[in-house]
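For reference, the structure is listed below as structure tokens.
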Amino acid sequence: MSHRFGLLTPSSNTTQEPEFFAALPSEVTLHTGRVAYRDITPEEQMRCVLELESESRKLADAEVGVIVFAATAPTLAKGKGYDRELIKRMQDVSGRPATTAATAFVDALRELGAAAIAIGAPWSSTMDAPMVSFMQANGFTVVNSEVAGYVAGVELGRSGPEAAYELARRVDRPDAEAIILPGGNWPSMSVVERLERELGKPVLANNAVSLWAGLRLLNRDDSIQGYGRLLSGYMRRELAQARKAGGS
């Protein structure tokens, strides 16, 4: 069955569309709206949500099956529950199921059963405090958090996957059960599987969790290889086998 995937991306983002196109199943087409968001600053993340309704309506015109606002920082800027407010705004004007990158991180970590996390973020330390607070408010222990210091969105898009790889290696700690790499303009999906092999734990990149969350809302159960255990369905198979063993 074919589906239309609606993506809301920041205006300066040059990474999400290529990464989504590469990973989406062939039966799922990508349709994108853009909200004004040039630099990774508190002021810009407040400005971008002003266009949430207008861009969601446009995606609804294309009869998409889901809308994913796949930017982390703007979807957690006001703390726990703010992502749900944004979801409601998108759903109310579009009549379509919706989610955000911040929500997707929470849902994915719960799916994986990871309670203690390390965060490797591309932005400044100013932008990092709300991220840490949001994850803690949602019940996760943040054992370490470090930033790469990017401010200009377009520069982040040019950074390349090795920057994400190196920060993920640096931020890891023995007591971290998962590593998360927020930032939708950070080209990090391609290094997730490599990091998981080397570190022996789940690694969640912004665009991978956003894609996974959108596919779940489309009621799809695709196994997408090459981007880590979340998209491959590895954890679903492990959980199913555990439940089967427990019931036998």
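The values are calculated or read from the model by the stated rules, or taken from the named source; none is laboratory data. Values in this document were obtained by computation on a predicted structure and should not be read as measured data. Note that each Cβ is placed from the backbone with ideal geometry, even for glycine, and that neighbours are counted across all protein chains shown. Only protein heavy atoms, including side chains, enter the accessible area calculation; ligands, DNA and RNA are left aside. Shrake-Rupley method; radii C 1.70, N 1.55, O 1.52, S 1.80 Å.
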>> How much accessible area per residue does the chain have, counting only protein heavy atoms and a probe of 1.4 Å, in square angstrom?
In response: 41 Å²
> Taking 0.36 nm per residue of separation and subtracting the Cα-Cα distance, what length does fully extending Thr141 through Met46 add?
Replying inline: 31.5 nm
> Using a Förster distance of 25 Å, how high is the FRET efficiency between His31 and Arg158, based on the Cβ-Cβ distance and rounded to 0.05?
Replying inline: 0.50
> What is the distance in Å between the Cα centres of region 122-151 and region 161-196?
Replying inline: 14 Å
>> Along each principal axis of its Cα atoms, how long is region 55-154 end to end? Whole angstroms, biggest number first, please.
In response: 42, 34, 20
> Using the Kirkwood formula over every pair of different C-alpha atoms, what hydrodynamic radius in Å results for the chain?
Replying inline: 17.8 Å
> Rounded to a whole number of µm²/s, how large is the Stokes-Einstein D of region 1-41 at 10 °C and 1.306 mPa s, given Rh as the Kirkwood radius over C-alpha pairs?
Replying inline: 143 µm²/s
> What does the highest-first list of 205-213, 38-46 look like by mean Cβ count within 10 Å?
Replying inline: 205-213, 38-46
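Using a cut-off of 11 Å between beta-carbons, work out the net charge of the residues near Ala116 (Lys and Arg +1, Asp and Glu -1, Ala116 not included).
Cβ neighbours under 11 Å give a net charge of 0.
Over all pairs of distinct alpha carbons, what does the Kirkwood formula give as the hydrodynamic radius of region 1-134, in Å?
About 15.4 Å, per the Kirkwood formula over Cα pairs.
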>> Using Cα-Cα distances under 8 Å and only pairs 6 or more residues apart, what relative contact order does region 104-199 have, in percent?
In response: 36 percent
> Out of every Cα-Cα pair in region 66-119, what percent are more than 13 Å apart?
Replying inline: 59 percent
> Within the accessible area of the chain, what % is carbon and sulfur when the probe is 1.4 Å and the other protein chains stay in place?
Replying inline: 49 percent
>> Could you compute the net charge surrounding Leu211? Neighbours are other residues with a C-beta less than 13 Å from the C-beta of Leu211; K and R count +1, D and E count -1.
In response: -2
